[in-house]
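**Student:** Below is a structure I'd like to ask you about.
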Amino acid sequence: MLTTALRPRSILALIVSLGLAVGFVLLSQWQLESSEQARTVSDPAKDVAVPIAEAVEAGAPVTAAQADQLVTVTGEYRAGSTVLVPGRLQDGAEGWWAVTALTVPDSAQLWPDAGGELTLAVARGWSADPASVPAEPEGAVDVVGRYLPAEGPAPGEDLPEGQVRTVSPAQLSNLWDAPLWSGYVAAFAENPAGAPLPLAEDGTLAPDAALLSPGLSRLDIDQQPTDESVNLLNVFYAVEWVVFAGFALYIWWRFVRDEWQREQHPDEYFYFEGGTFHGDYYYDQASGRYYYYDPEAGEYYWFDDQPGDRAREPRTHDRTQDRTGAHHD
């Protein structure tokens, strides 16, 4: 069988089968990578605070890479700009967010088309009682918080004055008459500008970080919900491609095996009535090989003569025994 496998035709078939198998394995790897890419996991780098000007682009929509980033920003809260957002949960209790306009100095160059200094919507904290929400801290402050994508605007005609349904910078921009960043910041910490930022050595939020308004509870917002499950459909496809790769090699093995068996037992594979050959075939006891008579050529040939491997050698007919045991001269 090794001789059959080393024939040029068999080697060519092997090269084709290996090429198909490699292609199927690469497709399997691609499916596995796709199943991993479908997972949504938290990014530790987003818990390291960076200046907002480095983290996001002013005037541009919030991308997935920018969302949930911990940022620092310095500015002044605009007095009387606080609006309340009802229906916000904190530790299982429903209450209000206090959202305030933070004017950021030297920010006009970040978005020249805005025509002035930029404003950032900051959710300063949570309160169970809207009447007890404190006024905005005075003076320049440093804010550390998570940058979040905008919520869709929603009508709030049924809300009391000073309340909005969602944190929508587009809606707040009209309310405050100022250009805003596309996202907003959920404040985790505040301190007077110039004081050391409440950050650990690795840039993450320090455990003792606090707000300047004691009447508000610090917001506890993690990165967006993660999904570490693997897409089982992609895994199924990956296994399927591996099976196809094995099947390509199996086809080559069957091709070689069938070739070898046809040479060893041609009487089981060749039929003359309505088949490829027309005539009779015989068995040579001395060599253990079968041969047949080609009436068109008027010659006898061995069954295992392969065109392209070597010239078909005629068989000189002598006294042999055919498959029925009869002698022929």
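The values are calculated or read from the model by the stated rules, or taken from the named source; none is laboratory data. This is a predicted model, so every value here is computed, not measured. When we count neighbours, we look across all protein chains shown, and the Cβ atoms used for this are built from the backbone with ideal geometry, even at glycine. In case anyone asks, the SASA skips ligands and DNA or RNA and just uses the protein heavy atoms, side chains included. Shrake-Rupley method; radii C 1.70, N 1.55, O 1.52, S 1.80 Å.
**Student:** Hand me the trypsin sites (Lys or Arg not before Pro) from segment 1-86 located in a DSSP loop with no more than 12 other Cβ atoms within 10 Å, in residue order please.
**Tutor:** Filter output for segment 1-86: R39.
**Student:** Leaving ligands, DNA and RNA out of it, rank E240, E190, E136 by accessible area with a 1.4 Å probe, largest first.
**Tutor:** E240, E136, E190
**Student:** Something else about it: Mind listing the long-range amide H neighbours of L205? Cut-off is under 5 Å, sequence gap 5 or more, other chains count too, H placed in the peptide plane at 1.01 Å from N.
**Tutor:** Those lying under 5 Å, H to H, from L205 are A200.
**Student:** Going 7 Å from the Cα of I251 toward and past its Cβ, which residues in segment 1-22 have a backbone nitrogen under 18 Å from where you end up?
**Tutor:** 9-22
**Student:** Quick one: net charge around R88, please, counting Lys, Arg +1 and Asp, Glu -1 for every other residue with C-beta under 12 Å from its C-beta.
**Tutor:** -3
**Student:** Assuming R0 = 22 Å, can you tell me the calculated FRET efficiency for the pair A128 and Q224, based on Cβ-Cβ distance, to the nearest 0.05?
**Tutor:** 0.30
**Student:** Quick one: net charge of Y184's neighbours, Cβ under 12 Å, K/R +1, D/E -1? Kindly include the intermediate steps, with their values, before the conclusion.
**Tutor:** On the way: positive: R124, R146; negative: E151.
Summing Lys/Arg as +1 and Asp/Glu as -1 gives +1.
**Student:** Could you rank the peptides 123-134, 106-117, 151-162 by their average count of other C-beta atoms within 10 Å per residue, with the highest value first?
**Tutor:** Packing order, densest peptide first, comes out as 123-134, 106-117, 151-162.
**Student:** Let me ask something else. Calculate the radius of gyration of the Cα atoms of segment 66-125 to one decimal place, then report Dmax, the largest Cα-Cα distance, as a whole number, both in Å.
**Tutor:** Rg, Dmax (Cα atoms, Å): 14.1, 43.
**Student:** Suppose each label sits 7 Å from its Cα in the direction of the beta carbon; what would the A170-V22 distance come out to in nanometres?
**Tutor:** Label-label distance for A170 and V22, simple model: 5.2 nm.
**Student:** Also, quick follow-up: Can you tell me the FRET efficiency between A60 and D91 if r is taken as the Cβ-Cβ distance and R0 is 35 Å, rounded to the nearest 0.05?
**Tutor:** That gives a FRET efficiency of 0.55.
**Student:** In whole angstrom, how far apart do the alpha carbon centroids of segment 125-164 and segment 7-31 sit?
**Tutor:** Rounded to whole Å, the Cα centres lie 62 Å apart.
**Student:** What relative contact order, as a whole-number percentage, does segment 37-177 give when Cα pairs under 8 Å and 6 or more residues apart are counted? Don't jump to the answer; show the numbers that get you there.
**Tutor:** Details: 239 pairs, mean separation 36.4, N = 141.
Rounded, it is 26 percent for segment 37-177.
**Student:** Using +1 on the beta carbon of Lys and Arg, -1 on that of Asp and Glu, and nothing else charged, what's the dipole of segment 1-76 about the Cα centre, debye to 20?
**Tutor:** Result for segment 1-76 is approximately 960 debye, rounded to the nearest 20.
**Student:** From largest to smallest, what semi-axes in whole angstrom does segment 23-165 give when each is the square root of 5 times an eigenvalue of its alpha carbon gyration tensor?
**Tutor:** 35, 22, 15
**Student:** How far apart, in nm, are the 7 Å Cα→Cβ label points at T204 and V239?
**Tutor:** According to this spin-label approximation, the distance is 3.7 nm.
**Student:** Please compute the alpha carbon radius of gyration of segment 96-157, then divide it by the globular-protein estimate 2.2 N^0.38 Å. Two decimals is fine.
**Tutor:** Details: Rg = 14.1 Å, N = 62, 2.2 N^0.38 = 10.6 Å.
The reported ratio for this selection is 1.34.
**Student:** Rounded to whole Å and sorted largest first, list the principal axis extents of the Cα atoms in segment 13-100.
**Tutor:** 81, 34, 22
**Student:** Could you please report the charge total around R165, scoring K, R as +1 and D, E as -1 over all other residues with beta-carbon less than 14 angstrom from its beta-carbon?
**Tutor:** -3
**Student:** Simple spin-label model, 7 Å along Cα-to-Cβ: L159 to I15 in nm?
**Tutor:** In this crude spin-label approximation the distance works out to 7.2 nm.
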